[in-house]
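The values are calculated or read from the model by the stated rules, or taken from the named source; none is laboratory data. Here the structure is a predicted model, which is why all the values come from computation and not from measurement. Cβ coordinates were reconstructed from backbone atoms using ideal geometry, including for glycine residues, and neighbour counts include every protein chain displayed. The protein model used for the area step is the full one, side chains on, heavy atoms only, and it has no ligands, DNA or RNA in it. Shrake-Rupley method; radii C 1.70, N 1.55, O 1.52, S 1.80 Å.
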Amino acid sequence: MNVVVLCPHFAPDTAPTGTVMTSIVEGLAALGHRLHVVTSLPWYERHRVEPDWRGSVVRHASTDWGTVTRLHPFAGSKTNLASRALGFVGFTGLSGLTAALSASRPDVVLAMSPPITLGCAGVAVGRMRRIPVVFNVQDVFPDVAVDLGILTDPRLIAAARALERSIYAASDAVTVLSEDLRDNVAAKVAPRAVDKVRVIPNFVDTTRIVPADPDNAYRREHGLVGKRVVLYAGNVGHSQSLDLVLHAARELAADPSVAFVINGQGSARAALERRARDLANVTFVDFQPAERLGEVLAAGDIHLVPLRRGLASASVPSKTYSILAAARPFVAGVDPGTEIERVAEASGAGLAVAPDDARAFTGAIRRLLDDPDLAARMGRDGRRWVEGWASPAAVAGMYADLFAELVGRGSTVADGAGASW
């Protein structure tokens, strides 16, 4: 089967969604499928195109399994919503045109969100090619932007929600990461169409991420050897309650054996660094290359997954499963009854507290620091759980089965059913 993939990032770009889609593509390729990936030039780490990739708006590369077309991302300002929206629109338009003109004669199109605009490109390609469209939702937009207070204008919110619902209606299937996200999306489609919303989780490659010695090169580089390291690794943005990390660091500042590390970049980092100027036990580290992920994860004795209130039902941080693969325990600040809390309970590897509760969050960190045997046991339990949960091959197989089902019954997008565009 020929698959055209629209995604915002792809290896060697360092974005988490790029890692996810790269693994899905590799899994589909291993099953014998041919793919044309339409994505951006690498830009995530510095929010601008990497030096080695500059000089061309479009680049094509052949692979053993098909083609990768990389386009200029038109990256707007991190803090200017209008600028970012224009960038998404520019990238989406170029992506849709490139996919529509693909020489691969695709049988199905897979489009990833965010940005939600790629769903528009996916539907447009589906209609032009008369093929099914699968819309992959990593974070539910605009819910996340509204909950964070980034999107506040009622007219813009109404327009974004209308766009969201129209893409769901016009897609042949919508894949989400958890039952929470399924409930969220299913409530926005027609009752007769709820079956199109499918749960296909992200996964972790337990052959690439394995338990390892914490006193590694990463610790040596950042003066952490011999410390008990409490680590947040990921995007430093508005979705994460990283003030909780600074609060915990202040509470534990008298213990010289404990070090807090915030590894990552994003729109909230500069302000966070300013608030941490007086904290000698907090270290900020830039994003690391993808090949160092296992080393970074191993360096943390305790990992942190803090999400702002209301976001856990619209976003599932996939890094949680990587933490489990590394055999490390985690402390999560998330809404009760949501996916990350369920993972913490099912795996036995995490302590989940209410979101934005600094006292409870710090208390959970103290508990693991005070009981290293408990922390080690939780790490081992998490590794065992994730090994039996969902391998890359299993997840790729779920997508392949879904594609075969949709191709077999024909596309509603090709027939113009669903939303009115």
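Quick notes on this structure:
- Accessible area expressed per residue, the range 1-111, with surrounding protein chains retained (probe 1.4 Å, Å²): 43 Å²
- Think of a 1.4 Å ball rolled over the protein heavy atoms: the range 167-229 then has 44 Å² of accessible area per residue.
- The range 272-341: C-alpha gyration tensor shape, a/c 1.5 cut-off, then a/b vs b/c: oblate
- Taking the accessible area of the range 171-240, probe 1.4 Å, and keeping the other protein chains in place, the carbon and sulfur fraction comes to 50%.
- DSSP finds beta bridges in the range 1-157, and of those with both partners inside it, around 20 percent are antiparallel.
- Within the accessible area of the range 1-86 (1.4 Å probe), percent carbon and sulfur: 54 percent
- Ordering of 399-408, 53-62 by burial proxy (mean other Cβ atoms within 10 Å per residue, highest first): 399-408, 53-62
- The range 22-76 and the range 340-357 have Cα centres spaced 35 Å apart.
- Rounded Å value of the spacing that divides the Cα centres of the range 85-139 and the range 142-160: 23 Å
- Size of electric dipole in the chain: Cβ of Lys, Arg +1 and of Asp, Glu -1, about Cα centre, debye, nearest 20: 920 debye
- The range 302-377: C-alpha gyration tensor shape, a/c 1.5 cut-off, then a/b vs b/c: oblate
- Computed over protein heavy atoms with a 1.4 Å probe, the carbon and sulfur contribution to the accessible area of the range 276-418 reaches 49%.
- Cα gyration tensor shape of the chain, rounded if a/c is under 1.5, else prolate or oblate by comparing a/b with b/c: prolate
- Helix 372-387 and the longest principal axis of the C-alpha atoms of the chain enclose an angle of approximately 20°.
- Dividing the helix sum by the residues of the chain, where each DSSP H run of 4 or more adds -39500 (n - 2.57), gives a mean residue ellipticity at 222 nm of -12000 deg cm²/dmol.
- In the range 177-234, a dipole from Cβ-located charges (positive for Lys and Arg, negative for Asp and Glu) runs towards its positive end, and of ASN202, LEU177, ALA190 it is ALA190 whose Cα lies farthest in that direction.
- Accessible surface for LYS196 stands near 30 Å², nearest 10, in the context of the full protein assembly shown (1.4 Å probe).
- Amide H contacts of THR67: LEU35, HIS36, VAL37, each under 5 Å away and 5 or more positions distant or on a separate chain (H built 1.01 Å from N in the peptide plane; Pro and chain starts excluded).
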